[in-house]
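Notes for the one structure printed next.
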Amino acid sequence: MNLNHLYRAVIMEHYKNPLHKGLIEDPTYFTVHLHNPSCGDDMTVQVKTDGKHIFDIRHDGTGCSICCSSASVMSETLIDKDIAFALKVINEFYNLLMAKPYDETLLIGDALAYGGVSQFPARIKCASLAWKALEQGLIREGENSNG
Ligand code: ZN
């Protein structure tokens, strides 16, 4: 099994058995909804923080396997991290998707399975949609805690 097959297996596993999927009716969660018109992906991400630390991330949506699996990987990667750290990891994930150098100490685990997406520019939006939604939520939550 070569690396591409391994990475494809990781993506399909998260697509079939997504972690932290399903929204929660709780006003302490911050909700961001994003749409990717080029593929039809539709993603809602919820995050619970105290303005510094991420206690929980939920996601739900419809779309391609890249988008839906990436939301699962995103939640698994960033739950129980500090917001400042998570924003760095998100940025390294964008670097990975664009085939730019990324910090291997920050970006680890199943997120690395999306490195091959850089060869398919149209799919970069798919892979980053849930991460962008979380990023928006984290920036908003961080601002709230400062005010
Ligand atoms: Zn897609």
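Enumerate cysteines in the chain without a disulfide-compatible partner, where compatibility requires another Cys Cβ under 4.7 angstrom.
By the Cβ distance rule, which asks for a partner under 4.7 Å, the isolated cysteines are C39, C64, C68.
Can you sort H14, H33, H20 by solvent-accessible area, 1.4 Å probe, largest first? The partial results should precede the final answer.
On the way: H14 10, H33 105, H20 65 Å².
From most accessible down to least: H33, H20, H14.
Grab the Cα-Cα distance for Y94 and H33, subtract it from 0.36 nm times how many residues apart they are, and report the gain in nm with one decimal. Don't skip to the end; give the middle numbers.
On the way: separation 61, 0.36 × 61 = 21.96 nm, distance 1.90 nm.
Full extension of this stretch gives 20.1 nm more.
Could you compute how much accessible surface I139 exposes when probed at 1.4 Å, giving the result in Å² to the nearest 10?
80
Please compute the modelled spin-label separation between Q136 and L23, points set 7 Å along Cα→Cβ, answer in nm with one decimal.
Here the modelled spin labels are 1.3 nm apart.
Report the full-extension gain for the segment R8 to F120: residue separation times 0.36 nm, less the Cα-Cα distance, to one decimal in nm.
38.9 nm
As a quick test, which of the pairs K21/K52; K48/K100; K81/K132; K21/K48 have an alpha carbon distance above 19 angstrom in this structure?
Check vs 19 Å cut-off fails for K21/K52; K48/K100.
Just by accessible area at a 1.4 angstrom probe, what is the order of L6, L78 from largest to smallest?
Highest to lowest solvent-accessible surface, that is L6, L78.
Taking a cut-off of 16 Å between Cα atoms, list the aspartates and glutamates near K16, but don't count ones fewer than 8 places away on the same chain.
D60, E76, D110
Taking a 1.4 Å probe, which of M12, M43 shows the most accessible area, and what order do the others take after it?
The most accessible residue leads, giving M12, M43.
Once you have a ≥ b ≥ c as the square roots of the Cα gyration tensor eigenvalues for the chain, tell me rounded if a/c is under 1.5, and otherwise prolate or oblate according to whether a/b is larger than b/c. Let's see the in-between values first.
On the way: a/c = 1.75, a/b = 1.41, b/c = 1.24.
Prolate shape, in that a/c is at least 1.5 and a/b is the bigger ratio.
Using only Cα atoms, locate the centre of the stretch 103-141 and the centre of the stretch 1-36, then give the distance between them in Å, rounded to an integer.
A separation of 11 Å, based on Cα centres.
With +1 on each Lys and Arg Cβ and -1 on each Asp and Glu Cβ, how big is the dipole of the chain about its Cα centre, in debye rounded to the nearest 20?
Here the size comes out at about 420 debye.
Kindly provide the helix-only [θ] at 222 nm of the chain, computed as the sum of -39,500 (n - 2.57) over DSSP H runs of four or more divided by all residues, to the nearest 500 deg cm²/dmol?
Roughly -16000 deg cm²/dmol at 222 nm, from the helical runs in the chain.
The values are calculated or read from the model by the stated rules, or taken from the named source; none is laboratory data. All values derive from a computational prediction rather than experimental measurement. Using ideal geometry, Cβ is built from the backbone for each residue, glycine included, and neighbour counts are taken over all protein chains shown. These accessible areas exclude ligands, DNA and RNA; they are computed on the full protein's heavy atoms, side chains included. Shrake-Rupley method; radii C 1.70, N 1.55, O 1.52, S 1.80 Å.
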